[in-house]
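Okay, structure first, notes after.
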Amino acid sequence: MQRKVYFLLNLLQDVNILRPLIILSSKIKNSNPTIIISKAFIARDTTKIWQNEVSEIALNTRSIVLQVEDEIDALTLFEDNGGIVFAASESNLSPHKFTHNIFRMISDDYLTVTLQHGFECVGFSQSYQHNISYGTNVYWGADIVCSWTDIENLTSLSAHQSQKVLPFGPTFALNDVPSSERSEEPMGLVCENLHSVRMTASGDLKNEFMETFESFCIAMNQRKERVTLRPHPGGQYVLKNKVQLPQNAVLNNEPIYKVDLSSFTYGVSAPSSIIIDMLYAKIPVAVWIDEQGIMDYSKYKGLETISNCKELELFALRAQSNPEYFLRKQEVFLQNSGLILDTESVARNFTTLIVNSLANSSALKDSSAEKVLFIANDIIPTLQLSFIKPLRPLVEKGELTSEYLTEKELKDEFGSLARATIAQRYILNRLEKYRPTKIIFCRYSGPHAVAIRLWALQNQVPVMFHIDDDLLNVPLSLGKAKFEQHNSPVRVKTVRYLLDHSDLVYCSTKPLLDKFKAQNVDNRMVSGEIYCSADVAVPAYKRRATKLGYMGFDHSHDLETVLDVIVRILNEFPDSTFSMFGTIPKPKKLEQFGDRIIMIEPVRDYKLFLETFASLGWDIGICPLVVDEFNKVKANTKWVEYTSIGAAVVATKNTVYDECGADGCAILAENSLQWYEALRALIEDPDLHFEQLQKAQQKLKSSYSVNRLTDQVLSVFAHLTEC
């Protein structure tokens, strides 16, 4: 059978992204382009504009167009002939479920490819509002992910996805410039994307944008100038909401590839990929931002910004009188952006990929690298600390590939049936498709562990269980919700099964290993010398310490042991502040201090967490710990992270912090008086603070470096292989 090139259309804006590739592939011999349209695409296209566009594309490229009901229906179209399948919008997020499920279940005979579909794009480079709305753990089911820039410019890319990424450039660089009759009348273009999370995630900014636009139109009408308004192709906010436009506003709802952007005198938009289109067309461009500064426009810094009618009117006048001023700024922005905009390079990249896939799609899938499947309840901090971070260099060099299977994924896919046979079949299908060389359960207590272990035995794949707490004995002191969750009989049974039946148990600390031995775990076990690693993010420097902080998740009982001391310190030092970074609510005892108590929302992605942590400017980090059986086996994560961000540490004595805090690398306190004296000393004596932090950071570099943890993980992997 002949291999084919397939294109999946699910969102309306997919047409803009995939059309250039459909045209490109039609020029490749025996490519047989086939367009598959979801039922949801048809439902979204209430105006029929995009269905007509697809018909026109199909006619001009001789492509076959097929409509399907759902993912299962689509999968029946993929016969065993193989080929390549492109999707313009695919990820684990719910709007992309159609394409994501196809990519997760399709035969290995097909090479699957996801395209970056915007300058700010989930999983690639997200704004703050993206993070709020979608989170930071975005991943793809595709074999290959084609980005607009090199990896270093993809600020939201997860380490475990980076090995998939090929920097190919945006497909719009392949479009021919549409011709149009140039009017002597100056006309600006204003683009709305009012449906975007940028307009809603941090407050409702839609009215502010429209008020600016309407006032601007009135001002331009006095000069007898018209203004073009362009709705987002997917959002269509002004049309769906029947917004009445000013009389001199001209609506343009044509597909972007049919609009000659260079015919406009200037262009304006809130942060959106249309800005890149306008920059590419070489017209003066301004970025609209709200006057309160709520919207994140950091990816567009370096470009002109406007916030109100007066600023927009002034920009329009300057764009007409001196466009070169803006074009020079914009050229610098594009050069610094890393965008691959050379048409020949973009065409060569995609042509080579398509031609090779038509020859043999499996040849493009690297089978020589180590393939590790990580299984966890979610993309939890333990997984990020213990594996994703230290293995990142190997992933980026292509020496190791990884995939992730989580209990959250099963719940998202199957809901209440996550423990049912249908979910088990889904897992086994994932295993057969990926064919891992190692399986790592990371702190896992979810369903189907036995089925996965049996598959591994049948296929001679070694299995390791990594654990960093005594999950057989979680105390009530962690809170009722955590206590009930971890002590659920079915979860305890899973943990015990993995402790007893994995090929190797990798414990975070030696005391944890000893504790499991005491609980009759008779299995091969190893422990690491270090658990958390870090490089120095904020080097020590001499200053007076005024910013105290506590970072923690679900451990309010530890913090409570020193609350009275914190209250005393805040009363005695009025210029001091106390920050809490994590999920613990503000204690009532601290409410009296008003805005001197700073609450920082948790950041779940570990890379972003460290960047945020380093930006807080803490002087002192506290590590209070209840001395009990559960905490005796914990790791010294807080000391490592505090030291990395330049905070001197005070910690509870006779705990895990004794070793790392020795030799003046922390002050260890045994009671409230010692805690008070330690904090007061660090605040009053800048030299003491500086010297302690210097010593701690030297120890961090020598004993807790990322490279050392990488070597440790690889050593454990080698030990596992020897099983």
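Every number in this text was worked out from the coordinates using simple rules, so none of it is lab data. What you see is a predicted model, and the numbers here were worked out from it, not measured in a lab. A quick note on method: Cβ atoms are made from the backbone with ideal geometry, for glycine too, and the neighbour counts reach across all protein chains shown.
Length, then width, then depth: along the principal axes, the Cα atoms of the stretch 370-530 run 41, 39, 27 Å. Shape class of the stretch 493-598 from the Cα gyration tensor (axes a ≥ b ≥ c, square roots of the eigenvalues): prolate, since a/c reaches 1.5 or more and a/b is larger than b/c. Projecting the Cα atoms of V565, I440, S272 onto the dipole axis of the chain, where Lys and Arg carry +1 and Asp and Glu carry -1 at the beta carbon, places I440 farthest toward the positive end. Between R223 and S55, the modelled labels are 4.2 nm apart [label points 7 Å from Cα along Cα→Cβ].
Taking square-rooted eigenvalues a ≥ b ≥ c of the alpha carbon gyration tensor, is the stretch 198-326 rounded, prolate or oblate, where a/c under 1.5 means rounded and, failing that, a/b exceeding b/c means prolate? In terms of gyration-tensor shape, rounded. Extension gain for R544 to K48 (0.36 nm times residue separation, less C-alpha to C-alpha distance): 172.0 nm. With Cα atoms defining each centre, the stretch 400-441 and the stretch 1-73 are spaced 30 Å apart in the structure. If a spin label sat at a point 7 angstrom from the Cα of S703 along the line to its beta carbon, the backbone N atoms of the stretch 519-546 nearer than 14 Å would be those of 529-534.
In the stretch 574-630 the Cα-Cα distances spread across 10 Å bins starting at 0 as 18, 46, 31, 5 percent of all pairs. Candidates I598, H689, L454 compared by Cα position along the dipole of the chain: farthest toward the positive end lies L454, with charges placed on Cβ. Other residues within the sphere of radius under 15 Å centred on the Cβ of K607, judged by their own Cβ, net out at -3 (K and R +1, D and E -1).
Using the Kirkwood radius over C-alpha pairs as Rh, can you work out the diffusion coefficient of the chain via Stokes-Einstein at 4 °C, viscosity 1.567 mPa s, in µm² per second? Provide the component values of the computation, followed by the final result.
Values: Rh = 28.4 Å.
Value of D from the Cα-based Kirkwood radius: 46 µm²/s.
The value of relative contact order for the stretch 465-533, using C-alpha pairs under 8 Å at least six residues apart, is 35 percent. Among residues other than I388 with Cβ under 13 Å from its Cβ, the summed charge is 0 (Lys and Arg +1, Asp and Glu -1).
Convex hull volume per residue, computed on the Cα atoms of the stretch 448-499, equals 69 Å³. The calculated FRET efficiency for the pair E396 and S477, based on their C-beta separation and a Förster distance of 30 Å, comes to about 0.15. Charge tally for T652 (other residues, Cβ to Cβ under 9 Å; Lys, Arg +1; Asp, Glu -1): -1. Ranked by how many other Cβ atoms sit within 10 Å of their own Cβ, fewest first, the residues I102, I36 fall in the order I36, I102. Label separation (K588 vs K39): 5.4 nm, computed from points 7 Å beyond Cα along the C-beta direction. For L714 and K301, the difference between the fully extended length at 0.36 nm per residue and the C-alpha to C-alpha distance is 144.6 nm. Mean separation of Cα pairs under 8 Å and 6 or more residues apart, divided by the residue count, gives the chain a relative contact order of 9 percent.
Calculated translational diffusion coefficient of the stretch 669-721 (4 °C, 1.567 mPa s; Stokes-Einstein with Kirkwood radius over alpha-carbon pairs) equals 93 µm²/s. Net charge dipole, the chain: roughly 780 debye, given to the nearest 20, about the Cα centre with Cβ charges of +1 for Lys and Arg and -1 for Asp and Glu. Quotient of the Cα radius of gyration of the stretch 91-151 and 2.2 N^0.38 Å, N being its number of residues: 1.15. Over the chain, dividing the summed -39,500 (n - 2.57) contributions of all DSSP H runs of at least 4 residues by the number of residues returns a 222 nm mean residue ellipticity of -11500 deg cm²/dmol.
Sorted from longest to shortest, the spans of the Cα atoms of the stretch 547-704 along the three principal axes equal 41, 35, 34 Å. Calculated on the Cα set of the stretch 608-685, radius of gyration then Dmax: 12.6, 36 Å. Using R0 = 41 Å, the C-beta based FRET efficiency linking L251 and F553 works out to 0.25.
Remark: the M187-D412 segment gains 76.2 nm on full extension, using 0.36 nm per residue and subtracting the alpha carbon distance.
So if I place +1 on the C-beta of Lys and Arg and -1 on the C-beta of Asp and Glu, and nothing else carries charge, what would the dipole magnitude of the stretch 547-704 be about its Cα centre? I want it in debye, nearest 20.
About 300 debye.
In terms of its C-alpha gyration tensor, the stretch 292-399 comes out oblate, because a/c is 1.5 or above while a/b does not outweigh b/c. For the stretch 88-222, the alpha-carbon coordinates run over 62, 40, 29 Å along the three principal axes, in decreasing order.
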